[in-house]
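All remarks here apply to the structure that follows.
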Amino acid sequence: MSSSGANRRGIIALITASAAFTVTDAMVKLVTRTLPTGEIIFIRGLMTVVCLAVALVVMGQIGKIASTFHRWIVIRSLLDGCATALFVTALVRIKLADLLSIVLVSPLILTALSVVLFKEVVGWRRWTAIVVGLIGTLFIVKPAPGSFDAWALLGLGSAFASASRDLITHRLDPKIPTLAISVAGCLAVTLAGGLIGLNEQWRMPTSTEFLLLSAAAVFFSIGMYLLVFAFRGVEISVVSPFRYTLLLWGIIAGYLILGEVPDQWAFIGGALIVGSGIYTLHRERVRRRDLTGKIPPQ
């Protein structure tokens, strides 16, 4: 069983990673009207690989890059690229809100798999908190039933790929640097962008587009690193529900960057997500107290 401190570290990392990914998505959205999707993913991916590679050099871990040829890291990286490719392909055909409501079932999938594969104990209270968080996301995205078709299955495939990736991350050798794992994942995502771009007409980005993609790559680098960090040495069933905070950051970014004003349902959904997260932390504290006979140290 992972320590309470490790779980808190994972939760903070996942929440921060979600914020970084949201900033990235907002910047990318500003260039999607002029650049094709595959080209955006590919260019951002290359820049991200460069950012993380520089970090590896600075931290003296460049020699550890060979460790990423480990079988499970290769599989994890392929799942990362697959999740991105499926998500983007589905996004072309169905609305983003509907797609997010599908992809954000990944915490449920991840928790279920952690019970089956790793024998983690998840009581009915925490299952309830996870479901409440999912309901909160539905209040925010308000998916239209008529919009779900065969393309929605790609979104479900992306959710399974993401959950499987995070499960593998949880089991990787702690001696392998998180940065090296992040680089491997970014390479796979970049390759996915190149594959999507085979059916697109690419063009040279303008200076403004290049600057936006550069900034997006910096935040994407942060998000990729923290996403790996979040699931190492933690209890998956405790940490994974905090992926729902992605939509909360989305509301904030949409308002501040894109001028999108959230409605009352978004606030209700946000309250449910925050409430489910607080309750999950409370149950973790109670469980630790019951197991150790004392309140965990702050």
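Per the Kirkwood formula applied to alpha carbons, region 187-267 shows a radius of gyration over Rh ratio, Rg over Rh, of 1.05.
Karplus-based coupling profile of region 107-114, in residue order and whole Hz: x, 5, 4, 5, 5, 4, 5, 5, with θ = phi - 60° in 6.51 cos²θ - 1.76 cosθ + 1.60 and x standing for Gly or Pro. When all alpha carbon pairs of region 48-96 are counted in 5 Å bins from zero, the resulting P(r) reads 5, 17, 14, 19, 17, 11, 9, 5, 2 %. Applying 0.36 nm per residue to the separation of Phe210 and Arg33 and subtracting their alpha-carbon distance, the gain on full extension is 62.3 nm. Shown is the FRET efficiency for Leu195 and Arg125, computed with R0 = 30 Å from the Cβ-Cβ distance and rounded to the nearest 0.05: 0.10.
No value in this document is a laboratory result; all are computed from the given coordinates. Everything numeric here is computed off the predicted structure, so don't read it as measured data. Using ideal geometry, Cβ is built from the backbone for each residue, glycine included, and neighbour counts are taken over all protein chains shown.
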